[in-house]
Amino acid sequence: MSDATEQSAPQVDADAWEKACAEDLAAERARRKAAYGPPPGSAAEELKKLVDAVAEKLSSVQAPFLGAVAQGTAEQVAKQVVRQARSVVEPVIERNADVFDHLAAAGGELLAAYRSAVEGHERRWTQGSQEPRPPQTPRDEGPGGEHIDLD
């Protein structure tokens, strides 16, 4: 081949497919984020959000039965307890983030197994059991008694 033939051939980008897929994926993620909001984070991040939400709720609780002075003291105590709990929980979450992810996955699997079991029982309950019943053993009905089978 000559240099002229190589120069006239169109240049093919070897990574064109990869780039196109990455662009499509980024566009789909942006569309989903706009439609549904940001995706949930890891289990550890979600647990931190829960701790923050509970802490915020506890610090904003108003006790109507307490007086103004006691109310201020109660708020200070609640904030102190929340700070102490957060200082204990956050390092544990950060050091063991993968453990919380595994626990969340295990919880999902347990929930799926439970749903499967319940759906099976519900199906049998609503459709009636198709399995034959075991034969009944004859009972002593006493003198002059007769067993009437109502099934």
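The values are calculated or read from the model by the stated rules, or taken from the named source; none is laboratory data. This structure is a prediction, so every number in the text was calculated from the model and none was measured. All Cβ positions, even for glycine, are placed from backbone atoms using ideal geometry, and neighbour counts span all protein chains on display. The accessibility values were calculated without ligands, DNA or RNA, using every heavy atom of the protein model including side chains. Shrake-Rupley method; radii C 1.70, N 1.55, O 1.52, S 1.80 Å.
Within the full protein context, the accessible area of Glu90 is estimated at about 60 Å² for a probe radius of 1.4 Å. For a Förster distance of 35 Å, can you work out the FRET efficiency between the beta-carbons of Ile148 and Arg124, rounded to the nearest 0.05? So, using R0 = 35 Å, E works out to roughly 0.80.
Rounded to the nearest 10 square angstrom, Asp24 shows an accessible area of 110 square angstrom against a 1.4 Å probe.
By accessible area of protein heavy atoms, probe 1.4 Å, what ranking do His102, His121 get, highest first?
From most accessible down to least: His102, His121.
Computing FRET efficiency as 1/(1 + (r/R0)^6) for Lys49 and Thr73, where r is the C-beta to C-beta distance and R0 is 25 Å, gives about 0.30. Sorted largest first by accessible area at a 1.4 angstrom probe radius, with every protein chain in place, the residues Lys19, Lys57, Lys48 fall in the order Lys57, Lys19, Lys48. Working from label points 7 Å from Cα in the Cα-to-Cβ sense, the Arg86 to Arg115 distance is 3.5 nm.
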